[in-house]
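Q: Below is a structure I'd like to ask you about.
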Amino acid sequence: MKNKTIKAIDAIQEAQKIAFSPFLFQSVVSLRKLGIFDLVFEKRNEGGVTIDEISKELSISTYGLSVLLEIAESSDVVDKDENNKYELTKIGYFLNYNETANVNINFTNEVCYKGLFHLNDSIKNEKPEGLKEFGNWSTIYEGLASLDPEIKKAWFEFDHHYSDYAFEEALEILFEKPPKIIYDIGGNTGKFAISCCKKNKDVSIKIFDLPGQLKVALTNAKSNGFEDRISGSEIDWLSENPQITKGADIIWLSQFLDCFSKDEIVKILKVCADSMDKNTELYIMETFTDRQRFDSARFSLEATSLYFTAIANGNSKMYKAAEFEDLIEQAGLEVRKEIRQVGENHTILICKK
Ligand SMILES: C[S@@+](CC[C@H](N)C(=O)[O-])C[C@H]1O[C@@H](n2cnc3c(N)ncnc32)[C@H](O)[C@@H]1O
């Protein structure tokens with residue numbers, strides 16, 4: 001047991017923190033949304049700010065402020081001095097100003113919070129029971145393009161935040177030997193395809209995605225002037241017999257296979273393998289839980305797995321690289337090279353037939 005030496009009094013304190021964690025989370029959301037964190041931070045050079053001053057400035061009742069700030073203080077998010085003036089702690093600062101914390105909080109609140117209530121049923125039924133909070137789909141990807149604007153914004157900011165960091169470095173790797181034709185499987189909004197066209201004037205990209213996303217991607221490609229180099233093909237990998245054409249130099253699957261169960265991943269990789277010749281390379285870019293340098297990154301990924309369970313599709317997760325190696329082999333492919341820490345959290349596996 002890792003925490004064998006923890007004192008009982010500390011263990012019970014940790015247990016209560018977990019028992020009431022949604023309360024603290026929603027308090028933090030309110031402290032951000034109501035502008036309380038911003039004001040407390042702005043007043044730091046004046047030695048902090050009292051509840052009465054915050055109340056006057058933001059027109060929020062002192063009662064409301066007291067309940068939010070009391071739990072924030074006992075959770076080390078804010079500090080109160082002997083003159084009852086509040087300041088942000090380092091934790092409070094990161095909760096309000098760190099970009100990763102920002103996308104994680106919005107994603108948790110807008111996309112996951114209500115759906116997670118159905119986690120227990122999702123595990124029992126092996127279905128994303130929380131998805132019914134948004135619509136009557138079997139996976140979130142079917143409804144992605146039609147989600148409410150606030151929810152959609154949080155979903156895309158979360159998705160892009162993690163891939164954007166990696167894309168820049170990935171492009172360098174991908175274009176070491178410039179490919180002529182790239183297939184972007186799960187090309188989403190077309191962001192990566194557009195970056196490829198900007199990087200190299202000769203490359204063409206074909207995006208494969210569900211109809212809703214593909215339409216958005218091709219519209220974006222056109223508005224960036226790349227309609228002659230970015231094409232697309234509708235596909236549903238969960239359909240009976242999905243197929244892709246031959247002819248790619250590189251097949252690119254970024255943050256895509258984690259949307260599927262192990263059996264589905266093998267099926268997708270086999271279809272890709274069938275379209276490959278001996279020169280085609282298949283690039284898988286993922287944030288594997290066993291390839292993280294920091295515990296906080298691994299923890300965030302393990303939390304994201306529960307989003308897949310309760311909301312996205314009910315059967316996928318953030319995988320370990322070790323699990324993927326086995327699936328790649330089952331599909332008749334071989335990992336030729338592994339590149340770690342792409343944009344810090346991602347790993348690229350370059351595979352061949
Ligand atoms: C998490 S996004 C990854 C987007 C992008 N590749 C990136 O790295 O940011 C997953 C993509 O897979 C697509 N997708 C999910 N399920 C699918 C399915 N059954 N058939 C085809 N595409 C699917 C989604 O529409 C979405 O564009």
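Q: Could you tell me whether any residue of the stretch 34-42 is over 33 Å from the mean Cα position of the chain (by Cα), assigned by TED's automatic domain parsing to the domain that holds Ile91 and surrounded by 15 or more Cβ atoms within 10 Å (Cβ to Cβ)?
A: No, that holds for no residue.
Q: More than 9 Å from the ligand (Cβ to nearest atom) and assigned by TED's automatic domain parsing to the domain that holds Gly143: does that describe Ala217?
A: Values: more than 9 Å from the ligand (Cβ to nearest atom): no; assigned by TED's automatic domain parsing to the domain that holds Gly143: yes.
When the stated conditions are applied, Ala217 does not pass them.
Q: Given the options Ile284, Ile311, Ile265, name the one that is crowded, with 18+ Cβ neighbours inside 10 Å, touching a Pro at 6+ places or on another chain (Cβ under 8 Å), of a type in the set (A, V, I, L, M, F, W, C) and in the same structural domain as His160 (by TED's automatic domain parsing).
A: Answer to the check: Ile311.
Q: Separate question: Going through Asn106, Asn96 one at a time, which residue ends up being in contact with a strand residue (DSSP E or B) (Cβ under 9 Å, 6 or more places away or on another chain) and part of a helix (DSSP H, G or I)?
A: Asn96
Q: Right, another one. All but one of (1) outside any strand (DSSP E or B); (2) more than 10 Å from the ligand (Cβ to nearest atom) hold for Trp155; which doesn't?
A: (2)
Q: Let me ask something else. Considering every residue within the stretch 326-340, establish whether at least one is under 28 Å from Glu129 (Cα atoms), at pLDDT 95 or above, in the same structural domain as Asn109 (by TED's automatic domain parsing) and part of a helix (DSSP H, G or I). First the steps, then the outcome.
A: From the stretch 326-340, those under 28 Å from Glu129 (Cα atoms) are 327; that's our starting set.
Filter once more, keeping what is at pLDDT 95 or above: 327.
Filter again for in the same structural domain as Asn109 (by TED's automatic domain parsing), leaving 327.
With the extra rule that they be part of a helix (DSSP H, G or I), the set shrinks to 327.
Within the stretch 326-340, one or more residues are under 28 Å from Glu129 (Cα atoms), at pLDDT 95 or above, in the same structural domain as Asn109 (by TED's automatic domain parsing) and part of a helix (DSSP H, G or I).
Q: Looking for something within 16 Å of the ligand (Cβ to nearest atom) and of a type in the set (Asp, Glu) - is there at least one such residue anywhere in the stretch 194-214?
A: yes
Q: Looking for whichever is at pLDDT below 95 and of a type in the set (D, E, K, R) here; the options are Glu240, Glu227, Glu234. Which one fits?
A: Residue meeting the stated conditions: Glu240.
The values are calculated or read from the model by the stated rules, or taken from the named source; none is laboratory data. As the structure is a computational prediction, the values presented were derived from the model and not from experiment. Cβ coordinates were reconstructed from backbone atoms using ideal geometry, including for glycine residues, and neighbour counts include every protein chain displayed.
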